[in-house]
1. Cα gyration tensor of segment A:179-261, axes a ≥ b ≥ c as square roots of the eigenvalues: rounded (a/c below 1.5), prolate (a/b > b/c) or oblate?
2. Which shape class applies to segment B:364-511: rounded if a/c is under 1.5, otherwise prolate when a/b exceeds b/c and oblate if not, where a ≥ b ≥ c are the square roots of the Cα gyration tensor eigenvalues?
3. Around A:ASN73, with a cut-off of 10 angstrom between Cβ atoms, what is the net charge of the other residues, counting Lys and Arg +1 and Asp and Glu -1?
4. Considering only the label points, 7 Å along Cα→Cβ from Cα, what distances in nm to one decimal separate A:GLY66 from the same position in each other copy, shortest first?
5. Using a Cα-Cα cut-off of under 16 Å, which aspartates and glutamates could be cross-linked to A:LYS344, ignoring same-chain neighbours fewer than 8 residues away?
6. Would you mind counting up the charge near A:VAL144? Only other residues with Cβ under 13 Å from its Cβ, with Lys and Arg at +1 and Asp and Glu at -1.
7. With a ≥ b ≥ c the root eigenvalues of the C-alpha gyration tensor of segment B:1-150, is it rounded (a/c under 1.5), prolate (a/b larger than b/c) or oblate?
8. Taking the Cβ of A:ARG107 as the center, what net charge do the other residues with Cβ under 13 Å away carry, scoring Lys and Arg +1 and Asp and Glu -1?
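The numbers here are math on the coordinates, done by the rules we state, and not lab data. What you see is a predicted model, and the numbers here were worked out from it, not measured in a lab. A quick note on method: Cβ atoms are made from the backbone with ideal geometry, for glycine too, and the neighbour counts reach across all protein chains shown.
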There are 2 protein chains.
Amino acid sequence: MFSKARILCPVLKQKVMSAEAAAALIPAGANVGMSGFTGAGYPKAVPNALAERIKEHNTQIDPNTGEKPFRINVWTGASTAPELDGKLAEVDGIEMRLPFQSDPICRDRINTGKMNYVDLHLSEVAPYAWSGFFGNMDVAVIEVVGIREDGSLIPSSSLGNNKVWIEQADKIILEVNYKQNARLEGMHDVYYGTALPPNRKPIMLTDPAQRIGEAYLRCDTDKVIAVVETNSPDRNSPFKPSDEVSKRIAEHILAFFEDEIKRGRLPAELLPLQSGVGNIPNAVLEALDSGPYKNLTSYTEVIQDGMLKMLKSGTLAMASATAFSLSPEGIEEFDKNIEFYRNKILLRPQDISNHPEIARRLGVIAMNGLIEADIYGNVNSTHIMGSRMMNGIGGSGDFARNGYLSIFMSPSTAKGGSISAIVPMVSHVDHTEHDVKIIVTEQGLADLRGLSPRQRALEIIDKCAHPDFKEQLRDYFERACASGRGMHTPHLLNEALSWHQRFEETGSMLA
Amino acid sequence: MFSKARILCPVLKQKVMSAEAAAALIPAGANVGMSGFTGAGYPKAVPNALAERIKEHNTQIDPNTGEKPFRINVWTGASTAPELDGKLAEVDGIEMRLPFQSDPICRDRINTGKMNYVDLHLSEVAPYAWSGFFGNMDVAVIEVVGIREDGSLIPSSSLGNNKVWIEQADKIILEVNYKQNARLEGMHDVYYGTALPPNRKPIMLTDPAQRIGEAYLRCDTDKVIAVVETNSPDRNSPFKPSDEVSKRIAEHILAFFEDEIKRGRLPAELLPLQSGVGNIPNAVLEALDSGPYKNLTSYTEVIQDGMLKMLKSGTLAMASATAFSLSPEGIEEFDKNIEFYRNKILLRPQDISNHPEIARRLGVIAMNGLIEADIYGNVNSTHIMGSRMMNGIGGSGDFARNGYLSIFMSPSTAKGGSISAIVPMVSHVDHTEHDVKIIVTEQGLADLRGLSPRQRALEIIDKCAHPDFKEQLRDYFERACASGRGMHTPHLLNEALSWHQRFEETGSMLA
Ligand SMILES: CC(C)(COP(=O)(O)OP(=O)(O)OC[C@H]1O[C@@H](n2cnc3c(N)ncnc32)[C@H](O)[C@@H]1OP(=O)(O)O)[C@@H](O)C(=O)NCCC(=O)NCCS
Ligand SMILES: CC(C)(COP(=O)(O)OP(=O)(O)OC[C@H]1O[C@@H](n2cnc3c(N)ncnc32)[C@H](O)[C@@H]1OP(=O)(O)O)[C@@H](O)C(=O)NCCC(=O)NCCS
C-alpha cells in the first residue's frame, strides 16, 4: 500500500496488512484500547473497517435466534473523532465506552440508553486498568508516527493511555500514519517508572520542562498482530475567534491574577497553567498573550492554537501536555515551524500529565468550563438537566482537586438567555463545594476561598449571575434562609431543582 | 502553679502565666490557630478562660451603642472537645470555624446561622493557610508535652496543623500539659520540607513506617507571649463494643478483601489502611484482627482502640497517623505499654498524613462513613436533609480521591428504619460518582468499579438497600428510565428529593 518507509523493524514489516484484514482480528465482545486524545492521534482506518464489519454482521443476525449483536468495549485516552467514536457508535458497535467522549452520535447512544459510558478522572484510567479494575484488555489499536528498527514506536500527536494499552493488551494492532509529521520524533516523554502499590516511587518531576522518561514507546513485537499504513490528518475543528462573552471572562481572570500577584499570593510568572479546550480557554490564553506576562509555563492536557501563539511571542516558555488539539491553521503553523516548537513542547502519558502528585507539587492553576454552578459553589461539568451526558469530567477533577487554584468559567446564561448557569442547586455534581475556588462568568468573578456556604451564595449571586436571574436567585436564597430547615446550606427541597423542571416545561428558567 | 519541670527553656520559663492572663492577650476578631485533632492534644485551659472573658464582655455590651460582640475565628486541626469548641460556641464567641468540628453546640450554632463554618479537605488547610487564602493568623494556642532547652517543643497527642500555626501566627501561646505522657517524646515525625509552589519538592515517603522529619516542633521563642501549665486528660469517648450491624458490614468488607487477594488485585498484606473514627470502622479493625492477616500497616488520621489491639497481636506492624482517638481504657492500655507502642506508631502533621501525593503513592485503602448515598454512587458525608451540617468532610476526600480503593460504609437505614441511607438523589454531594468505588451496608457490598450509572443503580439497590426500601428504589429507577429525560443518569426531577421532603413532612421516607 505505502512504502513501509516508516517501518524499520524487519519483523513488523512482515505484518503489514489492510485495515480490513486487521479489523477481522478483533473479536466480538473484546475490550479494545485505542489511541486518541481530543481528536489527535487516534487510529484512522481500523475502527472504520471494524464498523463496516460490525454493520454487516449485525444486519445478518436472525432476530429469532437470539444471537447477540457484535459489539466491543472501547477504552481510549479521551475523545477521538467521527472516524472512531462516530463510526462505531453509528453501527451500535460500542457496548461500553471509557473514559471520555464528546461525539454527537456517541452522546445520543449514551443518552438513549444504548451504550454504557463510564466517565472517569483521566489520571485514574491507567492505574485502574493496571490494577485490573476494568478487566482484561484483548486488543490495542494504536496510531504511531513510525516504527524503529528495534520495534520501539515513535508516538503520534497524542500519548494518552498508549503506554498502558500497549503493555496491557494481549494483542496489538499498529497504525503507522504518514500524514503525521515525522519530526514529532523526540517530542514525547514516556515515563516508565510507574508501578502498582506497594511498589510506587516518587515521581521526580519538579518543573514542567523536565524530562523524566523516554522518547519512544517500548513494544513487545511478539504481541503485534497487524500493522496498517494510513495517510490521514487528525480531524481538527476550525479555530473560532473569541466572542465578547469569552473576552469579558478572560478580562476578569486577568484582573484576578494581577491582584493575586500584588497580594503576594501568585508569583509574577504565575504558576503552570492548565486550561480546558474551547472558546473561553482560548480567549484567556489570548488575553494572557497580550498582557505583560513572560516565561509562563503550562502543565496541561492539550496544546491549543493559543499556546502556539504564546510560545512564539515568548509569553509561554514551554508547554507540557499529553496531546495536541489544533485547528487546521494551527497544524499548518506547527508543521511550518516545527523546529521552533520542537524543544518547547513535551507530550507525556495522561497519567503523568494529569497526575495528582504533580498537579499538587507544581501548584497548577486549573481553568475549566462548567455547565452550571449552584449558589453554594458546587459545579456540574457533565450533565444537562441532571440526566443527559454532555462530554464527561475529563481531567477537570484531576487538576481542580489538586492544583493551587481551581477556576471554573462559563457564560452566565445558555440557550439564548433561557437557562441560567447559576442555579439554586446543580442537577449533578462533578466538583464539590470543597474543590471549587473561583467561579467566573462574563458578569464577574467570585472568589470563594475561606467562605462559608451562605457567604459564597451572596458572592456568587452578586458577581456571577446574569441580571435576569439575580433577583430570582436572591429570592430563593432568602426564602431558604427563612425556612428554618437549616442555615448551613439553606435549601428549599421542593424548589431546589424547580428551575430545571421549569425549563423542561416552559422552555425557560425564568419564573 | 506547677513545677515548670517540663519547661526547660529559660526564656520561656519566664513567660509562664495563668490561663486567664494568657487569654487576655487574644484580641477580639483575631484569627486563632488552635491545636487539636479528634479530641486529642487541644488546649485545655486558655479557650475556657477566653470563653469566660467573652461572656463577660458580651453581656456588658449596651445594645444601643451597636458595639460588636467579642468573637474570634477558630482554626484547628480537626474536631476538639467541649472545653474548646463547646465552651466558645456556648458563649457565641466563634465568628468563623475551620476546617472540621463535631461538637453539638457548634453544630447548633452553625445550623441556626450564628456561626460561619468553612468545611475543608484536611490536607488542604496547611497549604491554603500558607498561601494566605484565609488571611493572617494572629495567635496560635498549642498544647505540648514539654518545652526543650532550645525552645523546641515536644508535641502532644495530636500534631494536626500545629507546625503551620506556629510558623504562621504572629504570636504564640503554649499550653504544657503534664497529664500527657512524657514518653510521647520521639513518636512524632514533623516534616519541614514543604514549600509553596513553584518551590515544592517530592516528598520522599514510600513506606508508612518511614521517618522523613524531626521529632520536635521548631518554635521562634520571640513569638511566644505566654506559657500556661495544665494537667487535664484529653476528653475521650468511651469505647462501644461493635453492634450486629457493624459486624455485618465488617464481614462484607473482609469477604471483599479476601476475594480481591484471590483475584490478584490486592496483596496478602493488603495496602495501608485508612479508617474513619466510630463504631463501624472499629468493627472492621476488630474483624481484621480476628482474621488471618499479619503485618498490615495503616496510613491514616487517627489511632483508635482497635489499632492498639492489632499492634499488640501483630496483625498490624505499624500505624502512621496525625492523632490519637482513644477511649479512657485505650489511654490506660497505651500508657501502661507505651514502650511497646512507641516504635510502632508515628504521628505526622495532617498535611502529610492526608497528603494526596502520599495517599496515591502508598495506595491507601480508604474506609469512611456516609450519611447517604444515591443509586448512582454519589455520597453525602456531611449534610442532613441537604441543609444541616453534621460534622464535615474531614479527611475522607483526601483519601477517597487519591487512594487505591475508596470504601464508604453505613447502616442501610437511620432513625429506627424511617430513613433509607440509599436514596434516589443525595441531598448534598461530598464524594462524586467518579470517586466512590465501593459502598457497603449490613445488607451487602456494591462494587462500582467500571460500571456506568445505570449499572451502578442496579448493583447498589440490589446489594445495599434495606428490604423496606428496595421496591421503592426500583420503582423510582424504572420510572426514571421510562421518562425519556435521558438514560445516562435517569432521574425524575420532581421526585429526586421527594424522599427527604416526605421524611420532613411525615417522619418517614417510606411511601
Ligand atoms: C462544561 C463544558 C461542556 C462547557 O463546554 P463549552 O464548549 O466551553 O461551553 P458552551 O457554552 O459552548 O456549552 C456547550 C453546550 O452546552 C450547552 N449548555 C451550556 N450550559 C448549559 C446549561 N446550563 N444547561 C443546558 N445546556 C447548557 C450549550 O448551550 C452548548 O450546547 P450546544 O452545543 O447545543 O450549543 C466543557 O467544558 C466540558 O465538557 N467540560 C468537562 C470536561 C473538562 O472540563 N475538560 C477540560 C479539562 S480536561
Ligand atoms: C458520615 C458520618 C456522620 C457517620 O457517622 P457515624 O457515627 O459512623 O454514623 P451513625 O450511623 O452513628 O450516624 C451519626 C448520626 O447521623 C444520623 N444519620 C445517619 N444517616 C442519616 C441520614 N441518612 N439522615 C439523617 N440522619 C442520619 C444518625 O441517626 C446519627 O444521629 P444521632 O447522632 O442523632 O443518633 C461520619 O462518618 C462523618 O462525620 N464522616 C465525615 C468525615 C469523615 O469521613 N471522617 C473520617 C475520615 S477523616
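1. Note, shape of segment A:179-261 comes out oblate.
2. Here segment B:364-511 falls in the oblate category.
3. Working: positive: A:ARG71, A:ARG97; negative: A:GLU95, A:ASP138.
Result for the neighbourhood of A:ASN73: 0.
4. Going from nearest to farthest copy, the values are 8.2 nm.
5. A:GLU185, A:ASP189, A:ASP207, A:GLU301, A:ASP305, A:GLU333, A:ASP335
6. Details: positive: A:ARG6, A:LYS44, A:ARG148, A:LYS163, A:LYS179, A:ARG218; negative: A:GLU143, A:GLU175, A:GLU185, A:GLU229.
Spelling it out: positives minus negatives among the neighbours equals +2.
7. Oblate shape, in that a/c is at least 1.5 and b/c is the bigger or equal ratio.
8. Numbers: positive: A:ARG97, A:ARG109, A:LYS114, A:ARG388; negative: A:ASP85, A:GLU90, A:ASP103, A:ASP108, A:ASP119.
So the surrounding residues net to -1.
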